[in-house]
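*Asks:* Quick one: the structure is below, questions incoming.
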Amino acid sequence: MAGMPLIKISHLYKTYSVGDNVVHALSDITLNISEREFVAIVGPSGSGKSTLMNIIGCLDTATSGNYKLNGMEIGDYDDNELSVIRNKTIGFVFQKFNLISKLNALENVELPLVYQGIGTKERKQKATEAIRMVGLENRMSHMPTELSGGQQQRIAIARALITNPPVILADEPTGNLDSHMGMEILGLLQRLNDAGHTVVLITHDSNIARQAKRVVHIIDGKISSDKEAGNP
C-alpha cells in the first residue's frame, strides 16, 4: 500500500534556449509519487522523460514550478546541497551500469559510502550485505569486465541500495540486456519495491513499463496519462 507522498511535483516547467528558439522540454507537469510505489514513466525519445528523470534525480532543476523530495523544496538548494541529497536520498541505476573499471564489485558498491566518509570496516560490511541482497556474494572480488551484463546491473543495483535511499531511480535499466536478463532485473526491482523501496522506472518500452504498478505516459513534455498498470 502506498504511504505518504515522497515526490511532489507541481506545475513544473523546463525550457532551454537553442539559438533564438526556446524549447519547452516540460510543460505544466504535476505528479505525486508516494512511499512504496513502483511507478514507470514511459515515453518515446524526445518526449521529456529524461528531462523529468534528471529533475526527479536532482541532476537538474526546473525553470519554474515546485518540486519537493521527501519534504525538501529542491528549488532552494545549490549544486553542493543537491549532491548531498542525491547521495543520501536517491539510488541511481543506469542503462550503462556506470561501474568503475579499475574497482572490483565490492569496491564499486562501497563508493557512495566513501563519499559519505564512512569508515572502511563499516563500508565493507554494508557493501557485502547489499551484494548478498542481489545474489552475487560469490562475485565480490570480480572486476566489471569479469561480470556479465546482468551481473554488472545487479552490482549497480547493490550500489544504489548501499545508502538505503528512499527512492530507487532506474533509467532504462534493461536497455543493455537481453530479454531474459532484463526480466531478472525487473524482478529484482519488484522485490525491492515489495521490501519497501519506492521505485521510479524510466523507459521508452511500454512492455517494460507494465511491470510497474502504475504507469505515467509522457509525450511532448506533458503527461498524457497516469494509470495503474493493467488498466485501459
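*Asks:* When the accessible area of region 1-109 is computed with all protein chains present and a 1.4 Å probe, what percentage of it is carbon and sulfur?
*Replies:* Numbers: 2640 of 5540 Å².
The value for region 1-109 is 48 percent carbon and sulfur by accessible area.
*Asks:* By the scheme Lys and Arg +1, Asp and Glu -1, what is the net charge of all other residues having a beta-carbon under 15 Å from that of residue 144?
*Replies:* Charge balance in the 15 Å sphere: +2.
*Asks:* Oh, and also: How large is Rg/Rh for the chain, to two decimals, with Cα atoms and a Kirkwood Rh? Could the numbers behind the result be given before it?
*Replies:* Working: Rg = 17.6 Å, Rh = 18.2 Å.
Expressed as Rg/Rh, it is 0.97.
*Asks:* Moving to a separate point now. Please pull out the direction-averaged projected area of region 43-89, using the convex hull of its alpha-carbon atoms, in nm² to one decimal place. All intermediate terms of the calculation are to be shown ahead of the outcome.
*Replies:* On the way: hull surface 14.5 nm².
With the hull built on Cα positions only, its mean projection is 3.6 nm².
*Asks:* Ok, one more. Cα centroid distance between region 183-199 and region 12-64, in Å?
*Replies:* Spelled out, the Cα-based centre of one part sits 23 Å from the other.
*Asks:* Give me the number: length gained by fully extending residue 72 to residue 229, i.e. 0.36 nm times residue separation minus the C-alpha to C-alpha distance, one decimal in nm. If you can, show how the numbers build up before the last one.
*Replies:* Numbers: separation 157, 0.36 × 157 = 56.52 nm, distance 2.86 nm.
Full-extension gain reported as 53.7 nm.
*Asks:* Right, something else. Roughly how tilted is helix 179-194, in degrees to the nearest 10 and between 0 and 90, from the longest Cα axis of the chain?
*Replies:* Once rounded, the angle reads 80 degrees.
*Asks:* List residues of region 4-18, by number, whose backbone nitrogen lies under 20 Å from a label position 7 Å along Cα→C-beta of residue 61.
*Replies:* Hits in region 4-18 for residue 61 at 20 Å: 7-18.
*Asks:* Run through the DSSP bridge list for the chain and note the antiparallel percent, rounded to the nearest 5. Intermediate results must be reported in sequence, preceding the final value.
*Replies:* Working: 23 of 41 bridges.
Expressed as a percentage, antiparallel bridges in the chain total about 55.
*Asks:* Can you tell me the accessible area per residue over region 23-65, all protein chains present, probe 1.4 angstrom, in square angstrom? All intermediate terms of the calculation are to be shown ahead of the outcome.
*Replies:* Values: 1530 Å² over 43 residues.
Averaged over the residues of region 23-65, the accessible area is 36 Å².
*Asks:* For residue 175, enumerate residues with amide H under 5 Å from its amide H, sequence gap 5+ or separate chain, H modeled in the peptide plane.
*Replies:* none
*Asks:* What's the angle, to the nearest 10 degrees (0 to 90), between helix 105-115's Cα axis and the longest principal axis of the chain?
*Replies:* 60 degrees
*Asks:* Which whole-number percent is the relative contact order of the chain (Cα, under 8 Å, 6+ apart)? Mind dumping the intermediate values first?
*Replies:* On the way: 460 pairs, mean separation 64.9, N = 232.
About 28 percent, as a whole number.
*Asks:* Show the residues, 5+ positions off or on another chain, whose built amide H is closer than 5 Å to the amide H of residue 93.
*Replies:* 169, 170, 171
*Asks:* Still on this structure, please answer the following. Note down the net charge around residue 115, summing +1 for each Lys or Arg and -1 for each Asp or Glu among other residues with Cβ under 11 Å from its Cβ.
*Replies:* On the way: positive: 86, 88, 123; negative: 110.
So the environment of residue 115 carries a net charge of +2.
*Asks:* Okay, moving on. How much mean residue ellipticity at 222 nm does the chain get from its helices, if each DSSP H run of length 4 or more adds -39500 (n - 2.57) and you divide by all residues, to the nearest 500 deg cm²/dmol? Spell out each step's value before the answer.
*Replies:* Working: 7 runs with 77 residues, N = 232.
Helix-only estimate at 222 nm: -10000 deg cm²/dmol.
*Asks:* Over all distinct alpha-carbon pairs, what is the Kirkwood Rh of region 1-108 in angstrom?
*Replies:* After inverting the pairwise mean of 1/r, the radius is 15.6 Å.
*Asks:* Kirkwood Rh over Cα pairs of region 79-163 into Stokes-Einstein at 10 °C, 1.306 mPa s: D in µm²/s?
*Replies:* Numbers: Rh = 12.7 Å.
Using the Kirkwood radius from Cα pairs, D works out to 125 µm²/s.
*Asks:* Figure the gain on full extension for residue 23 and residue 103 (residue separation times 0.36 nm, minus the Cα-Cα span) and round it to one decimal in nm.
*Replies:* Numbers: separation 80, 0.36 × 80 = 28.80 nm, distance 4.00 nm.
So the extension gain works out to 24.8 nm.
The values are calculated or read from the model by the stated rules, or taken from the named source; none is laboratory data. Since this is a predicted model, take the numbers as computed values, not measurements. Note that each Cβ is placed from the backbone with ideal geometry, even for glycine, and that neighbours are counted across all protein chains shown. Side chains included, ligands, DNA and RNA excluded: accessible areas come from the protein's heavy atoms. Shrake-Rupley method; radii C 1.70, N 1.55, O 1.52, S 1.80 Å.
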